[in-house]
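This report refers to the structure that appears directly beneath it.
The values are calculated or read from the model by the stated rules, or taken from the named source; none is laboratory data. These numbers were taken from a predicted model, which means no experiment stands behind them. Cβ: placed from backbone, ideal geometry, glycine included. Neighbour counts: every protein chain shown.
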Amino acid sequence: MSLLRSLSDGLRSLFRKEQVNRELNEEVNSFLEMAAEEKRKQGMGRKQALRAVRLERGSLEGTKEVVRSAGWESYAETVGRDLYFALRQGRKNPGFALSAVVVLALGMGVSLTIFRFVDAALLQPLPYASPERLMSVNESNAESPRWPLSYPDYLDWQRLNKSFRSLDIYNGSGYLLQTRSGATAVQGERVSGGFFQTLGVRPMLGRDFSPDEDRPGGPNVAILSYGAWLHHFGARRDAVGLTVNLDNAAYTIIGVLPRSFSFARAGAAEFWVPINTLSPHEQMRTFYNFWGIGRLRDGVSAREALAEMSAISKQLQMQFPTSDRSEGASVVPLSEVILGDVRPILLTLLGGAGLLLLIACVNVTSLVLVRSENRRREIAVRGALGASRSRLVRQFATEGLLLAAFGGLSGVIFADWLTKILWRLVPKDMAADMPFLAGVGWNTHTCTFAIAIAWMAAVLFTAAPILRLTSQQPGDGLVNGDRSSANELWQRLGARMVAVELAVAVVLLTGAGLLGQSLYRLLHVPLGFDPDHLASVEVGVSATGTEKNQQTVALYREILRRVSSLPGVESAGISSMVPVQCNCPVDWITFPGRPFHGEHNTVDERHVSADYLTMLKATLVRGRFFTDTEDASKPKVVVINQALAQRYFPGQDPLGQRIADYEGGRRSEREIVGVVADVREGPLDSDIWPAEYFSINETQDPYFSLTVRTRQDAGAMLPLLVSTLHQIDPDLGAFHEMTMKEQIEDTQTALLHHFSAWLVGGFAAMALILGVVGQYGVVAYSVSRRTREIGVRMALGAERRGVVLMIVRQAARMVTLGVVVGLLASLGVSRLMASMLFGVNSYDPLTFVAVAVILAAVALAACYIPARRAARVDPMVALRYE
Amino acid sequence: MVDKPSDLVQGTLDMLILKTLALESMHGYGIAVRLEQMSKGVFRLNAGSLFVAFQRLQRAGLVRSEWKATENSRRAKYYVLTDQGRKRLNSETREWGRQVAAIARILEAS
């Protein structure tokens, strides 16, 4: 109530100033008059009485001032006046205001954007119940710290452990969904029954898996993702209870997951089914196919859990000594597994954005300083007229706050725009693997961050000119305007700030240079085949089962015959997987006649048609490729790559030798008939693994990739490939049609490198521009201040060339300082980045030298312009100057 | 002689003004004179602190004001105690008494 009155009263004083003032005047006046009257009664003269009252009670004006300044409205009024003054200053000098706001918006916008991604990925908890208790629980071995579990191992781990409240497994799979319009490929995920409970997620509609559905031989049921419910069932409430046809089997829908649910490791999986049907492989203890997650019991730490699981793993090895001895367990936080890949790149980007923000702030601070320098006389006059120091400080603070507020606001708008652009650059497949990025946006963290950086900037812009101006006596400014010793101090300060900017630019340029080089190296690693003019499409055959095997081979032949005869197709081939994707699936091989101690001889396993390797233009080193007649009825043969030959047959002729593996529990042996020069099957940044190629006519995969070499543009061939496949059989699933170039560029490795190189490159370019503009500004300013001095020098006979040299030499000193400091800092920063680099040393001398030369050249060019302008000064004009 | 409110015990000026107004409404000078008389010249207030206190009390809703003619037919602003002000005066007086008694006990104890 009284707050309201105070408010309305204050507002009245603000907006009906005249009236309030008149009332106060009258009231105080009558007070003083009455007091004077009293004095007169005691015998004083009128004048004398008024004087005595003024002494005793205070003067009219003084009292009015005291009363006026006691209310809140007087404070508001001062702030308002300061604001108005600051805005007017900005309008009077739009160049300054605009450039400062633009530079700030740039720096703040970029760092805000990157911080929003960092926040979404690294600061927001995973969307599960107490996510910090969720662990990724897996096997480990000598080759890999994290290796999937086999199903029997999982059952034993689950039964024996005491560390986890629950332990579950998951494994990705794909299905052909039969719809009225034909078959479409859908992503699925097989999970053990307690998977969603372990995560702490409950279906939005319907129910979770029941225990009998989890047991082997249980009924076919599926839980839909929210997306699948939306796209395939039109968000119908009665979708639960319907059946769908997946890979020619009927699955009953029992539930729909909430919209907010995501599981990064399952990508955009639409159909979640229980693991109740196991293939013969999957029942083996040595078939490692399932990833585990577990929820720790209260009070159990990850380390204790790891110790227990390792012990269990050892115990199982004693019991079932078929597998190798190096096996252990791995227990790491689930967040580590989900975010491990993006963490370094995000932190690098955040670092880069931070540096950019630093440059922007330094740049604007030096602008503010230059301006305060120009206003020194104004400040001196105001000081001399009685403005108190705190009043002047408040004026600066208002201007600093206003600048930071405008910069911050523009930065927020810029950040929104930039976020959208970045989002659009992330391919859809990759976005599905990073569901946590959907949380990019405004929340407490990001708002706090925005306010914090704006606040810091405001403090900087306030403190700099205040420290600068209060270090001198007010008299200085009045007496000699600007040619005082303080001017030298400012020049040194300005030079130091420019050196900081240049140093930061060096760091960013070095980072961009290293990342750019590693991107180049990555895109130019030897592939072992010709990726140009290749188009591929993945194919799924829904008809499976032994009786269909002959049909599968016939289908391969029909597809290859029809596709090869298409106009524009040079050759065609079929393979279980296209190259440059993954060092998976793998096979463990043994060599008949050699001693075997359970070691893992891991090789990539690919199934290919007879002409596939020829079509890729892979080089045959020895022997031959397959023939079309080599199917399951013929003696088994294998083609190996050079890496396999060198590792396992050093100094021998591999042709005619045999290698063996266990497929589905049955040992099979194959004779080596050919050696192919290494084709890159795994990701761009990995070493070439040994690889074996089987005839696909022998293995008869129901899922495969069809690849053709075209005469013209490969992309134009894609629709024709799909329609031809559907002509052959409308029930064939055809999906992921892409050119080989796209396939390679869309791999996560290539994308991450592209992203970091381009973003850091962009930061570096902005930093370079800001740094050089800052450099130009400082030199130009100092030249304009030294016009008279230069005039004197020239009048005394200095040559133009000499003047230019003098200015450039002085500037060169700060450029050198900046570059040297920047290079030293880069040495440290590049070491932190080492994990993101490919094929380039983090101390790559070429990059460092190139950055130093480029930056020095550009910076010196920036000061050459004002230096030449200085040299063109007419001595007579300069001497008369001010 | 005390002439600055800071020399008054903090916060007592408001209470004293309320007390002055408890009997009848009064204008600024009247209040000043009354305070002086009652304190036998100990509290002589300058106009500034007095009027700031008036503004404060008015905004807190403890007093209200009206323009009236004085006995010398001069126009002056009269301050009137509100109900809220009267309640506040009572509670503050009680509190004051309690504190003074307590302070006295402490001072006498040694």
Failed condition for A:Leu7, given (1) more than 13 Å from chain B (Cβ to nearest Cβ); (2) modelled with pLDDT under 85: (1)
Just to confirm my filter: which strands (runs of 3 or more DSSP E) fall fully inside region A:609-667 and include at least 2 residues that are polar (S, T, N, Q)? none
Search result, residues across region A:826-839 that are out of contact with any Phe, Trp or Tyr (no Cβ under 9 Å at 6 or more places or on another chain) and surrounded by 15 or more Cβ atoms within 10 Å (Cβ to Cβ): A:Val829, A:Met833, A:Met836, A:Leu837, A:Phe838
Unmet criterion (only one of (1) within 40 Å of the chain's Cα centre (by Cα); (2) buried (at least 19 other Cβ atoms within 10 Å of the Cβ)) for A:Pro702: (2)
For B:Arg86, indicate whether it is in a helix (DSSP H, G or I), farther than 18 Å from A:Ala35 by Cβ and either modelled with pLDDT of 90 or more or within 11 Å of chain A (Cβ to nearest Cβ) (or both). yes
So which residues in region B:19-74 are touching a helix residue (DSSP H, G or I) at 6+ places or on another chain (Cβ under 7 Å) and of a type in the set (Val, Ile, Thr), if there are any at all? B:Thr20, B:Ile31, B:Val52, B:Val63
Filter region A:624-677 down to the residues that are over 15 Å from A:Asp604 (Cα atoms) and hydroxyl-bearing (Ser, Thr, Tyr) and list them by number. A:Thr627, A:Thr629, A:Ser633, A:Ser668
Residues in region A:133-150 that are surrounded by 20 or more Cβ atoms within 10 Å (Cβ to Cβ) and not in a strand (DSSP E or B): how many? 1
So, in region A:52-72, how many residues would count as being among the polar types (S, T, N, Q) and within 60 Å of the chain's Cα centre (by Cα)? 1
Within region A:25-73, how many residues turn out to be in a helix (DSSP H, G or I), in contact (Cβ under 8 Å) with a residue 24 or more places away in the chain and of a type outside the set (Asp, Glu)? 12
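Just for region B:52-81: of the residues that are among the charged types (D, E, K, R) and part of a helix (DSSP H, G or I), which one is nearest to the other protein chains (Cβ to nearest Cβ)? So that I can check it myself, show each step before the final result.
Going residue by residue through region B:52-81, those that are among the charged types (D, E, K, R) are B:56, B:59, B:64, B:66, B:68, B:71, B:74-75, B:77.
Narrowing further to those that are part of a helix (DSSP H, G or I): B:56, B:59.
Values: B:Arg56: 7, B:Arg59: 4 Å.
My answer is B:Arg59.
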Would you mind finding the one in A:Val101, A:Val137 that is out of contact with any Lys or Arg (no Cβ under 7 Å at 6 or more places or on another chain), over 30 Å from B:Phe51 (Cα atoms) and not assigned by TED's automatic domain parsing to the domain that holds A:Thr365? A:Val137
Restricting region A:367-415 to residues that are more than 31 Å from the chain's Cα centre (by Cα) and among the hydroxyl-bearing types (Ser, Thr, Tyr), which is modelled with the highest pLDDT? A:Thr398
Can you tell me which residue among B:Ser49, B:Ser39 is among the polar types (S, T, N, Q), within 12 Å of the chain's Cα centre (by Cα) and within 10 Å of chain A (Cβ to nearest Cβ)? B:Ser49
Of the criteria (1) surrounded by 15 or more Cβ atoms within 10 Å (Cβ to Cβ); (2) at pLDDT 90 or above, which one A:Val586 fails: (2)
Per the filter on region A:39-55, residues surrounded by 15 or more Cβ atoms within 10 Å (Cβ to Cβ) and within 11 Å of chain B (Cβ to nearest Cβ) are A:Val53, A:Arg54
Evaluation of A:Ser69 against (1) among the hydroxyl-bearing types (Ser, Thr, Tyr); (2) within 14 Å of chain B (Cβ to nearest Cβ); (3) surrounded by 20 or more Cβ atoms within 10 Å (Cβ to Cβ) (one fails), failing number: (3)
Can you tell me which residue is nearest to A:Arg869 (Cα to Cα) among those in region A:784-805 that are basic (Lys, Arg), at pLDDT 80 or above and surrounded by 13 or more Cβ atoms within 10 Å (Cβ to Cβ)? A:Arg800
Tell me which residues, restricted to region A:91-119, are under 16 Å from A:Leu759 (Cβ atoms) and under 14 Å from the mean Cα position of the chain (by Cα). A:Val110, A:Ser111, A:Leu112, A:Thr113, A:Ile114, A:Phe115, A:Arg116, A:Phe117, A:Val118
Need the failing condition index for A:Ala716 against (1) in the same structural domain as A:Leu560 (by TED's automatic domain parsing); (2) outside any helix (DSSP H, G or I); (3) touching a Gly at 6+ places or on another chain (Cβ under 9 Å), just the number. (2)
Residue satisfying all of: in region A:819-871; more than 25 Å from the chain's Cα centre (by Cα) and charged (D, E, K, R); modelled with the highest pLDDT among these: A:Arg868
Are there any pairs, at least 6 apart or on different chains, whose C-beta atoms fall under 8 Å, with the first in region A:111-127 and more than 21 Å from A:Met456 (Cβ to Cβ) and the second surrounded by fewer than 21 Cβ atoms within 10 Å (Cβ to Cβ) and of a type in the set (Asp, Glu), and if so, which? A:Pro125/A:Glu132
Quick test for you: out of A:Arg12, A:Arg88, A:Arg22, pick the one residue that is in a helix (DSSP H, G or I), more than 9 Å from chain B (Cβ to nearest Cβ) and under 23 Å from B:Ser73 (Cα atoms). A:Arg22
Would it be correct to say that A:Ala307 is of a type outside the set (Asp, Glu), in contact with a Ser or Thr (Cβ under 8 Å, 6 or more places away or on another chain), over 26 Å from A:Phe436 (Cβ atoms) and surrounded by fewer than 19 Cβ atoms within 10 Å (Cβ to Cβ)? no
Going through region A:153-175 in order, the residues found to be out of contact with any helix residue (DSSP H, G or I) (no Cβ under 7 Å at 6 or more places or on another chain) and either among the aromatic types (Phe, Trp, Tyr) or closer than 15 Å to A:Gln283 by Cα (or both) are A:Tyr154, A:Leu155, A:Asn171, A:Tyr175
